[in-house]
Structures are given as C-alpha cells and as structure tokens.
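Trainee: Below you will find the structure I want to go over with you.
The values are calculated or read from the model by the stated rules, or taken from the named source; none is laboratory data. What you see is a predicted model, and the numbers here were worked out from it, not measured in a lab. Neighbour counts run over all protein chains shown; Cβ positions are idealised from the backbone, glycine included. The accessibility values were calculated without ligands, DNA or RNA, using every heavy atom of the protein model including side chains. Shrake-Rupley method; radii C 1.70, N 1.55, O 1.52, S 1.80 Å.
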Amino acid sequence: MIDLTDKVFLITGANRGIGLRCAEALHARGARLSLGVRDRKSLDGFHDRQGSDRIHIGQYIAEDWASHAAWVDDTVARFGRIDGLINNAGISLDVTLRNADEASLDRIWAVNCKAPLNMIRLALPHLEASGAGRVVNVASMSGKRVRNDNVAYNMSKFAVVALSHATRRIGWDKGVRVTALCPSFVRTDMTQGATKIAAADMTDPADLAELVATIVSLPNTASVAELLVNCRLEDMV
Ligand code: NAI
C-alpha cells in the first residue's frame, strides 16, 4: 500500500456528503487536501476541526472553468504537487425523456461531465509527475444500468464512466490509475426525500470514503477500474 502522508489530493464538492467524508478519510491518513467548494464558508467547520496546515480551500464552480484553473494553480503554489483528484461534485435534476428542457440538460452536462473532464485535463501533468497519480470519479450505479426515468442523470453518469476509462488509458504509462466509483443510494442531501428507500437502508458516505481511501492507497500494480457499491440486492450489480 502507498503511504498517503503528505500526498496532495484535490476534492470537488468537499463541503458535504460523499466529498466531505472523503476529505475526512484522506485527512486521517495524513494526506494534504485541496478542497474545492462553491462557497469557502461552507467548510469553516471542517477547517476548525481538522486544523489548517494540511488543508487548502479553493473555489470550485463547476460551470466556471476559470475557477478550476485558479484552484489547481493555487494548490500547486501552496503544496508543490498534486497526487490525486476526487471528482465528486455532481447534481441530479428531474429530466425525463418526455420532459427534457434544454437548460437542465446543459446544466447537468456541465456539472457532471464537462467539469470533471476539465479538472482531469488540468491535473493530469501533475498526476503524471507524481508517478502514482490517482483519479476517482464519483459516477453512480446509474452509470452502469438504467432503472429510473431520470434520463439526463443516467446519461451523465454513463459518460463519467467513459471519462474514467479514457483517462485510465491516457495516464496508465505514467502511473496514473483511475477508478469510476459507482454507488447506488447513499445517505446524503441528494437522496433526502428523493426515493422510497429509508435513509437508514442507504450506504453511509463514510463507508464509501473508506473505500476511496483504500483505492488511492493501492500500488500501481493493483488498479480498480470500476467499483460498484450497492445498498440493496440487484441482479448482477
Ligand atoms: P450532495 O448533494 O450532498 O453533494 C454534492 C456536492 O456537489 C456538494 O458539495 C455541492 O456543493 C457540489 N456541487 C453541486 N453543484 C455544483 C456546482 N455547480 N459547482 C460546484 N460544486 C457543486 O450529494 P452527494 O450524494 O454527496 O453527491 C456527491 C456525488 O456522488 C455526486 O456526483 C452524485 O451524483 C454522486 N452519487 C450520489 C449518490 C447518492 O445516492 N447520494 C449515488 C451515486 C452517486
């Protein structure tokens, strides 16, 4: 296993839910974190709890590529390197085939697909320089099969899985390893009241974060291309 002490990880959407739990799990393993959030104040509590010497907070607005570039540049200026990128920020909008307005389609495409692609593009030279760069794209089980009417979310998450495999190919020779993390229902703000499954029966985001911390600690010779995590029984997944 790779020692994560002082390794530098970028996490998008790190202020709550899966992103925040990933931040906590990586911080507990000694990593330095660059946390990308829309509103810096939303991380005040985390900053206070964890101490600031290993935490950088940057502004990440998915639709604003200038914010991506500034955040990556500031991270390299502060920590001198980037070893990992957790593309976590994402949205789910209610878009069905019969009710697909273009603005919602554009928004979900921008946040769930275009922004992670651009973040990978910006981080890739640094991940390659690391020799053991890691990318975890938080896709979804909705990127593996279609079980509901939310066509835009499903399409976006299939695209995130494709992005993961594309990055895996591009980065492999320079030690970059990429994982598409595919959970089903996770107990976060996103699923609150959005499904008939009780919150208590959903995956705990802290458990996902432990998996992420393990995946990024694996050596270059143990690459996990996709990790499917379910809270209920489904055929094959
Ligand atoms: P959440 O709603 O608690 O967190 C989403 C995060 O993305 C927040 O930090 C939010 O500020 C950020 N975000 C949203 N729009 C943004 C924008 N325009 N610019 C910058 N940041 C933005 O939900 P959760 O569950 O923690 O979601 C994290 C990821 O996990 C998402 O990509 C989601 O699609 C994925 N996922 C969630 C599942 C669930 O059941 N909760 C299941 C499978 C995947």
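Trainee: Got a sec? Which of Asn118, Asn112 is in contact with a Gly (Cβ under 6 Å, 6 or more places away or on another chain), polar (S, T, N, Q), in a helix (DSSP H, G or I) and within 15 Å of the ligand (Cβ to nearest atom)? Spell out the reasoning first.
Mentor: On the way: Asn118 fails: in contact with a Gly (Cβ under 6 Å, 6 or more places away or on another chain).
Just one listed residue meets the conditions, Asn112.
Trainee: Exactly one of (1) touching a strand residue (DSSP E or B) at 6+ places or on another chain (Cβ under 9 Å); (2) over 21 Å from Cys113 (Cβ atoms); (3) away from the ligand (no atom under 12 Å from the Cβ) is unmet by Ser52. Its number?
Mentor: (1)
Trainee: A follow-up question, please. Kindly provide the set of residues from the range 58-94 that are among the β-branched types (Val, Ile, Thr) and either within 10 Å of the ligand (Cβ to nearest atom) or closer than 20 Å to Val138 by Cα (or both), ordered by number. Give the steps one after another, and end with the answer.
Mentor: Step one: filter the range 58-94 for residues among the β-branched types (Val, Ile, Thr), giving 61, 72, 75-76, 82, 86, 91.
Within the range 58-94, Ile61, Val72, Ile82, Ile86, Ile91 meet the criteria.
Trainee: Please specify each residue of the range 173-203 satisfying the condition of being free of Cβ contacts under 8 Å to residues at least 24 places away in the same chain and open to solvent by 30 Å² or more (accessible area, probe 1.4 Å). I'd like the intermediate steps shown before the answer.
Mentor: Start the filter on the range 173-203 by keeping residues that are free of Cβ contacts under 8 Å to residues at least 24 places away in the same chain, which leaves 173, 187, 191-193, 195-196, 198-200.
Those that are free of Cβ contacts under 8 Å to residues at least 24 places away in the same chain and open to solvent by 30 Å² or more (accessible area, probe 1.4 Å): Asp173, Arg187, Gln192, Gly193, Thr195, Lys196, Ala198, Ala199, Ala200.
Trainee: Determine the pairs where a residue that is closer than 11 Å to Ala180 by Cα, located within the range 134-151, has a partner that is modelled with pLDDT under 95 with Cβ atoms under 7 Å apart, the partner being 6 or more residues away or on another chain.
Mentor: Met141/Val237; Lys144/Val237
Trainee: To continue, here is another question. Of the residues that sit in the range 152-172 and are open to solvent by 20 Å² or more (accessible area, probe 1.4 Å) and in contact (Cβ under 8 Å) with a residue 60 or more places away in the chain, which one is farthest from Leu228 (Cα to Cα)? Let's see the steps before the verdict.
Mentor: Here is the first cut: in the range 152-172, the residues open to solvent by 20 Å² or more (accessible area, probe 1.4 Å) are 153, 155, 158-159, 162-163, 165-166, 168-170, 172.
Subset that is in contact (Cβ under 8 Å) with a residue 60 or more places away in the chain: 153, 165.
Details: Tyr153: 17, His165: 15 Å.
Selected residue: Tyr153.
Trainee: Among the residues of the range 63-96, which ones are more than 16 Å from Tyr153 (Cα to Cα), part of a loop (DSSP other than H, G, I, E, B) and of a type in the set (Gly, Ala, Ser)?
Mentor: Scanning the range 63-96 gives a single hit, Gly80.
Trainee: Further question: Criterion first (more than 18 Å from the chain's Cα centre (by Cα) and either in a strand (DSSP E or B) or more than 13 Å from the ligand (Cβ to nearest atom) (or both)) does Gly30 satisfy it? Spell out the reasoning first.
Mentor: Numbers: more than 18 Å from the chain's Cα centre (by Cα): yes; either in a strand (DSSP E or B) or more than 13 Å from the ligand (Cβ to nearest atom) (or both): yes.
Yes.
Trainee: Pull out all pairs, ordered by first then second residue, where Cβ-Cβ is under 7 Å, the residues are six or more apart or on different chains, the first lies in the range 224-237 and is at pLDDT below 95, and the second is among the hydrophobic types (A, V, I, L, M, F, W, C) and open to solvent by less than 80 Å² (accessible area, probe 1.4 Å).
Mentor: Listed pairs, sorted by first residue: Val237/Met141; Val237/Leu228.
Trainee: Related question: Here is a list: Ala225, Ala209, Ala123. Which entry is within 28 Å of Trp71 (Cα to Cα), of a type outside the set (D, E, K, R), out of contact with any strand residue (DSSP E or B) (no Cβ under 6 Å at 6 or more places or on another chain) and surrounded by 21 or more Cβ atoms within 10 Å (Cβ to Cβ)? Explain how you work it out, then say what you get.
Mentor: Working: Ala225 fails: surrounded by 21 or more Cβ atoms within 10 Å (Cβ to Cβ); Ala123 fails: out of contact with any strand residue (DSSP E or B) (no Cβ under 6 Å at 6 or more places or on another chain).
Of the residues listed, the single one that is within 28 Å of Trp71 (Cα to Cα), of a type outside the set (D, E, K, R), out of contact with any strand residue (DSSP E or B) (no Cβ under 6 Å at 6 or more places or on another chain) and surrounded by 21 or more Cβ atoms within 10 Å (Cβ to Cβ) is Ala209.
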